[in-house]
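Single-structure report; data block below.
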Amino acid sequence: FVSCFAHTAPVLVHQVSKRDGRMATSYYRARSRSNEAHLLAPVLTAAALVASKPSLIRSVSGLGSNDAPAADLLQDFSIETTPKSSLSVSNHADLLPPGTSVYVAAIPGTPKEEMVSLCARLREEGMVAVPHLAARAVCNQEQLKDWVDAFRSVGVGRVLLLAGDAPSPAGPFSSSMELLETDMLRDFKAIDVAGHPEGSSNVADPLKHLRAKVHWAADRQVEMQIVTQVCFNASAIAEFCKELRAHGVHNTIRIGAAGPTKMSTLIKYAMACGVGPSISMLKKSPGNALGLVTQQQSPDALVHQISAMVGEDSEGGLGDVKMHLFSFGGFAGTAKWATTSR
């Protein structure tokens, strides 16, 4: 669900250590035979350079503002977790406002029982549990029914449908639209779907597919929000929102962003998920790598940029937008950043 690296690199550079620089280099070397890894060399080299010369951070990018991000976008934020991540959380209510939507990621191999148990626990602790349901992970209609019945048995009323990252489907479903067409999800009050501000390599026409899902929900009076993949490009996010609004899609859009995360962790996720389309700019201008690495130190800058765009949007072209936080750097840290920034 991540389309990464070119806009992933900027986050939390102020925490990059020399060890992180060496780790970045080792990640690059490990993937040096891939078709994409050679594009990472300038970024990773810059990461190591910044690690050895912290003074470059401010001189290159002008970082240093401690201004809190615009609070409006975070008033009704949502956040992601996994059964494993939540094991270290004694009570989600200690970290999050009551009624926060907590999306439970469907990591491949996670037993259904753990997903269902966490959803039940989240509800008991005053949260809105929103489990992922990945189409390509479903073996057959019987398994789909089993998952739906299990989630409904613990009071889940909203799910997030995804195609999933598997290169080939485990059963007859290869897209979230195919799950909707089974009509087996009708008991959920709300069904969310994914959005791709930077496009999708798996879908030829993402807008067409997204509009089909929105129309499906509207015809059945099902609430549907659009939760985007993680993105660090405010302009791409704004264009994505405006394009949807121009095509009559006025559903709430939850903008995916990474919470505070160490550079080494972001590099690990980037290498695991592949390189975002905007990384291609490095082919033409490797010198931009240092700017990419030092541009952002946390979600603050992105939220400020989006908030400014919303504030300047007198005609309402962006529509209803909220933040959705990926807790790559840890659930507690992401929750703390979100709640103290509101």
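Filter the stretch 116-138 down to the residues that are in a helix (DSSP H, G or I) and closer than 19 Å to Ser176 by Cα, then identify the one that is least open to solvent (accessible area, probe 1.4 Å).
First, pick out the residues of the stretch 116-138 that are in a helix (DSSP H, G or I): 116-124, 135-137.
Then keep just the ones that are closer than 19 Å to Ser176 by Cα; that gives 135-137.
Numbers: Ala135: 0, Arg136: 40, Ala137: 65 Å².
Going through the qualifying residues, I end up with Ala135.
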Next on the checklist: Among the listed residues Pro167, Pro172, Pro98, identify the single one that is modelled with pLDDT under 95, over 18 Å from the mean Cα position of the chain (by Cα) and either part of a loop (DSSP other than H, G, I, E, B) or of a type in the set (Ser, Thr, Tyr) (or both).
Outcome noted: Pro167
Checklist entry - Quick check: anything in the stretch 268-288 open to solvent by less than 10 Å² (accessible area, probe 1.4 Å), at pLDDT 95 or above and within 30 Å of Ala190 (Cα to Cα)? => result no
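Could you tell me whether Thr261 is within 30 Å of Pro299 (Cβ to Cβ) and hydroxyl-bearing (Ser, Thr, Tyr)? It would help to see each step written out before you state the result.
Working: within 30 Å of Pro299 (Cβ to Cβ): yes; hydroxyl-bearing (Ser, Thr, Tyr): yes.
Here the answer is yes, as Thr261 does meet what is asked.
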Checklist entry - Scanning the stretch 139-168 for residues that are within 15 Å of Asp192 (Cα to Cα) and among the aliphatic types (A, V, I, L, M), which turns out surrounded by the most Cβ atoms within 10 Å (Cβ to Cβ)? => result Leu160
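Out of all the residues in the stretch 92-120, which are touching a Gly at 6+ places or on another chain (Cβ under 6 Å) and within 13 Å of Phe77 (Cα to Cα)?
From the stretch 92-120, those touching a Gly at 6+ places or on another chain (Cβ under 6 Å) are 93, 98; that's our starting set.
Within the stretch 92-120, Pro98 is the sole residue that qualifies.
The values are calculated or read from the model by the stated rules, or taken from the named source; none is laboratory data. What you are looking at is a predicted structure, and each value in this text was computed from that prediction instead of being measured. So basically every Cβ, Gly included, is an ideal-geometry build from the backbone, and we count neighbours across all protein chains shown. SASA here: full protein model, heavy atoms, side chains in, ligands and nucleic acids out. Shrake-Rupley method; radii C 1.70, N 1.55, O 1.52, S 1.80 Å.
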